[in-house]
Amino acid sequence: MKTNFEIAVFEGDGIGPEITAPTVAILRQLAAQSDGYDLSFTDAPAGAAHYAQTGESLPAASMEIARRSDAILLSAMGLPSVRYADGTEISPQIDLRKALTLFAGVRPVTVRANQRTPLKIPEGREIDFVLIRESTEGLFYTQGRGEVTKDEARETLLITRDISEKLFKFAFELARTRKETGRGPGKVTCVDKANVFRAFAFFREMFDAEAAKHPDLAADHAYVDATALWMVLKPWEFDVMVTENMFGDILSDLGAGLMGGLGLAPSADIGLEHAVFQPCHGSAPDIAGQGLANPLAMILSAAMMLEWLGIKHDNAAMLADGTKLREAVEAVVSKGEILTRDLGGDAGTAQSAAAVAAALNLS
Ligand SMILES: NC(=O)C1=CN([C@@H]2O[C@H](COP(=O)(O)OP(=O)(O)OC[C@H]3O[C@@H](n4cnc5c(N)ncnc54)[C@H](O)[C@@H]3O)[C@@H](O)[C@H]2O)C=CC1
Ligand SMILES: CC(C)CC(=O)C(=O)O
Ligand SMILES: [Mg+2]
């Protein structure tokens with residue numbers, strides 16, 4: 001009998017439902033034709049539109065679905081027009097990361113041959129690095145709870161030993177896996193601002209302590225401002241970079257820019273037990289409801305989910321399907337015939353997803 005895995009689905013706001021439906025359809029087809037695993041999906045209502053209707057952004061019942069599932073698939077949440085009473089935007093995806101302690105925000109940045117990029121990449125080079133953004137603390141710690149008076153506003157940047165140690169262990173383990181599978185040289189770069197903030201000197205100390213446990217891997221440091229520069233001038237020199245929450249939020253959109261846009265940037269927020277898979281982009285209200293959204297970042301996030309589940313549960317079929325799905329997206333992008341408008345094409349969401357299904361021989 002095939003092992004069944006339960007997936008919680010947060011279709012979210014804006015373009016969320018439009019990119020979730022074709023992604024789940026592809027996953028259903030992959031599972032249906034596999035002998036090695038099955039998938040079942042449970043919808044979990046949450047987000048800005050849900051808040052506007054019910055007064056709840058992340059209902060307890062949806063949290064329960066997330067907790068009991070094997071993995072969580074999420075599109076994007078938030079709408080600029082829907083805010084909590086304190087004026088901040090509805091952001092249950094951040095609550096989810098904190099509640100499930102999903103400290104490792106894994107954001108791969110890859111540019112393959114023929115892929116549109118604003119950079120001029122030297123012959124024989126490819127961009128292939130992973131940005132790990134700490135996802136539960138840092139400058140997001142006081143999210144919605146900062147102190148604001150008439151004359152000043154304060155937020156707290158929190159770095160804890162517990163989370164940092166887990167984060168750096170994760171980063172070095174990922175670098176080792178990449179080295180063993182030929183994807184990277186085995187190097188981890190700690191990105192911080194240790195020249196100015198004591199919190200980052202502390203962050204760096206714990207990084208160095210973890211680095212000392214991995215003599216087979218290289219480790220170095222870079223300040224976040226210089227990292228933004230190097231990401232544009234020679235991004236092919238990075239392998240795994242690990243950084244604080246806010247720095248990672250900003251640098252991962254820069255990484256998405258290198259890939260040709262947010263529509264190609266997947267991500268995963270991973271903890272010791274749970275994981276959420278969602279694109280780096282937001283709910284794109286400017287194009288919502290028009291069938292124009294690029295579904296590829298969401299489909300790539302689903303591929304990361306299959307790979308993560310496959311490794312976690314030692315399920316070779318699932319791991320292989322995750323890799324197949326990622327490669328199918330890469331093939332569609334590299335061919336360049338069926339692309340959404342954000343990537344310079346004229347295809348809609350449905351055509352783009354259908355091209356991936358066709359590359360997988362699903363239809
Ligand atoms: N992880 C999440 O759930 C995130 C949620 N947000 C929320 O999303 C809302 C909109 O935020 P923005 O700053 O506008 O960021 P955004 O990522 O939604 O959009 C930025 C630009 O990229 C385009 N874009 C994004 N995803 C696309 C896709 N799949 N296909 C084609 N074009 C795409 C949009 O049309 C827009 O022009 C806000 O409420 C924000 O808080 C923003 C970032 C991440
Ligand atoms: C609401 C945002 C903090 C989410 C975001 O920008 C992200 O996950 O990259
Ligand atoms: Mg972001």
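The values are calculated or read from the model by the stated rules, or taken from the named source; none is laboratory data. The model shown is predicted, which means the values in this text are computed figures rather than measured ones. For neighbour counting, all protein chains shown are included, and Cβ atoms are generated from backbone atoms with ideal geometry for every residue, glycine included. Remember, those area values only see protein heavy atoms, side chains included, never the ligands or the DNA or RNA. Shrake-Rupley method; radii C 1.70, N 1.55, O 1.52, S 1.80 Å.
Some notes on this structure:
- Divided by 2.2 N^0.38 Å, where N counts the residues, the Cα radius of gyration of region 118-258 comes to 1.11.
- Potential lengthening between R112 and A350 on full extension [0.36 nm per residue; Cα-Cα distance subtracted]: 83.3 nm
- Mean Cα-pair separation over length for region 1-77, i.e. relative contact order, pairs under 8 Å, 6 or more apart, %: 50
- Share, in percent, of DSSP beta bridges within the chain that are antiparallel, nearest 5: 40
- Nearest-10 value in Å² for the accessible area of L157, using the 1.4 Å probe: 60
- Projected label distance in nm at H313 and D225, using a 7 Å step from Cα toward the beta-carbon: 4.8
- Extension gain (nm, one decimal) between F197 and T149, 0.36 nm per residue minus Cα-Cα: 14.9 nm
- The local environment of A153, defined by Cβ-Cβ distances under 14 Å, has a net charge of -2 under the rule Lys, Arg +1 and Asp, Glu -1.
- For R341 and A32, a Förster radius of 35 Å and the Cβ-Cβ distance give a FRET efficiency of 0.65, rounded to the nearest 0.05.
- Cut-off 14 Å between beta-carbons: net charge of the residues surrounding A52, Lys and Arg +1, Asp and Glu -1: -2
- FRET E, pair T181, T88, Förster distance 41 Å, beta-carbon r, rounded to 0.05: 0.50
- Beta-bridge orientation, region 118-258: approximately 20 percent antiparallel, per DSSP, counting only bridges with both partners inside.
- Couplings 3J(HN,Hα) of region 114-130, computed from phi: 6, 6, 5, 8, x, 8, 9, 9, x, 3, x, 9, 9, 8, 7, 9, 10 Hz, in residue order, whole Hz [Karplus 6.51 cos²θ - 1.76 cosθ + 1.60, θ = phi - 60°; x for Gly and Pro].
- Taking amide hydrogens as placed 1.01 Å from N in the peptide plane, the amide H of A194 sits under 5 Å from that of no residue at least 5 positions away in sequence or on another chain.
- Net charge of Cβ neighbours under 10 Å - reference E11; Lys, Arg +1; Asp, Glu -1: -3
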